[in-house]
Amino acid sequence: MTIKIGDKLPDFEFTTMTTDGAQKLSTEKIFAGRKVVLFAVPGAFTPTCSMNHLPGFVKNADALRKKGVDAVVCVAVNDVHVMNAWGKHSNCDGKVTMLADGNGDFARKLGLEVDLAGAGMGKRSRRYSMIVDDGVVKSLNVEDKPGVNVSGAETVLEQL
C-alpha cells in the first residue's frame, strides 16, 4: 500500500551526518510540530538527481522557508557517508538536510520502493516530494515517468 495524502508518516530512524559523526534521526524528531518538505531521489550523485532535483531545493530553500517551511530534507537509498558527501558537493549545508535510508526500509514502508536492478542500482526509492505537517502528508507528488516532472521545488512552492 502506498502512502497517501492524510496519512501519518511511519516511525523510522534515518541516519544523518553531524559534526559529531553519524547520528540516528527519527521521524518524530524531524516532523513533530513542524512543516517539512521531504523529497526522495533514486540515488545520490546520479545525473537527474544531481543536476535537476536536488539543485532546485537548494536554490529554493529560502523561498520555501518564507512560505512557512521549517526544514527541507532529502532522502535516498544510500549510506550516510554518500549522502554526506553529496550534500557537501551540492552546497546543501543549512539548506537541505541529507537523510540516509541505507537499506530502503523507509521507501518500502511508504510503498514507494522501485526495483532498478535493470540499471544496476538494485532496490531504490521512487522520485517524489511531499509537504508534511506535524507528521501528516499534506501533498504528495510521485513521478510516474523519468525526470523531474511533478516533484520539483517549483511544484512544492506552488502547493504551499
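Computed from the coordinates by the stated procedures, all read-outs in this text should not be read as laboratory data. Computed from a prediction, not measured in an experiment: that's the story for all the values here. Cβ: placed from backbone, ideal geometry, glycine included. Neighbour counts: every protein chain shown.
The table that follows gives values for the structure above.
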quantity	calculated
Entries of LYS8/LYS145; LYS35/LYS59; LYS67/LYS145; LYS4/LYS88; LYS24/LYS88; LYS29/LYS138 with Cα pairs more than 24 Å apart	LYS8/LYS145; LYS67/LYS145; LYS4/LYS88
Normalised contact order of region 13-159, rounded percent, pairs of Cα under 8 Å and 6 or more residues apart	29 percent
Among PRO146, LEU160, MET130 the positive-end extreme of the charge dipole of region 116-160 (Cβ point charges)	PRO146
FRET efficiency estimate (nearest 0.05) - Cβ-Cβ, HIS89 to MET1, R0 35 angstrom	0.50
Calculated FRET efficiency for the pair ALA119/ALA32, C-beta based, R₀ 45 Å, to 0.05	0.80
Label-zone membership for region 37-54, site LYS138, 7 angstrom Cα→C-beta point, backbone N under 17 Å	37-39
Dipole in debye (nearest 20) - region 1-135, about Cα centre, beta carbon charges: Lys, Arg +1; Asp, Glu -1	420 debye
Relative contact order (%) - region 92-160, alpha-carbon pairs under 8 angstrom, separation at least six	19 percent
DSSP-defined beta bridges in the chain - what % are antiparallel, rounded to 5	70 percent
Extended-chain gain in nm, criterion 0.36 nm per residue less alpha-carbon gap, ASN103 and ASN149	14.0 nm
The chain: C-alpha pair distances exceeding 26 Å, %	16 percent
